[in-house]
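Note sheet for the following structure.
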Amino acid sequence: MLKIISIIDGVFSIDQFESKIEYKPKLKYKIDRVSAINPTVRIKKYPYHEDIFEVSSVVSPAEWKTLYNRLNSPVGNGLEGAIFFIEFERDEEVVQFSVVVDELPPSPDDSRFVDEEVKYSFVAIYENYTPIDLANVYGYGNSYGENYGF
């Protein structure tokens, strides 16, 4: 089960889709070059992760519209002040990643005829894995005024 969570100014919405997720973690470096003194030595500094999530979902026409609108929203495309998360279970552990939509599903001419797998992908770029704590989102799980976001 894939949950797509969008948060704008502490207000969040969650959509769930039955999906298969192919997770491709990748470690990269901000500085990755060959040494000028010894070309057999590779200099790598400042590691970060650039993970790709390839998702395939079988959705009904109503779910298709919800999914397509969510992926096309400004939140999914990195709107400032908005956070876009995906949450799924991996190795019996629930994981969450802050993501940006990498590839949208192809749009059929008429969404009433969606009856097969829909494929799309996300990219997560981060230095340290930090899952979201929904109890600390402003106005959720505690009284107003005590918590101002993350």
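The values are calculated or read from the model by the stated rules, or taken from the named source; none is laboratory data. From a predicted model like this one, the values you see are computed outputs, not experimental measurements. Positions of Cβ are backbone-derived with ideal geometry, glycine not excepted, and every protein chain shown enters the neighbour counts.
Among the criteria (1) charged (D, E, K, R); (2) modelled with pLDDT of 80 or more; (3) surrounded by 12 or more Cβ atoms within 10 Å (Cβ to Cβ), the one LYS45 does not fulfil is (3). The set of residues from region 41-66 being under 14 Å from LEU104 (Cβ atoms), part of a strand (DSSP E or B) and either of a type outside the set (D, E, K, R) or more than 22 Å from the chain's Cα centre (by Cα) (or both) comprises PHE53, VAL55, SER56, SER57. Among residues of region 1-35 being surrounded by fewer than 13 Cβ atoms within 10 Å (Cβ to Cβ) and not in a strand (DSSP E or B), the one that is modelled with the lowest pLDDT is ASP9. Only one of the numbered conditions (1) modelled with pLDDT of 80 or more; (2) touching a helix residue (DSSP H, G or I) at 6+ places or on another chain (Cβ under 8 Å) is violated by ASN142, and that is (1).
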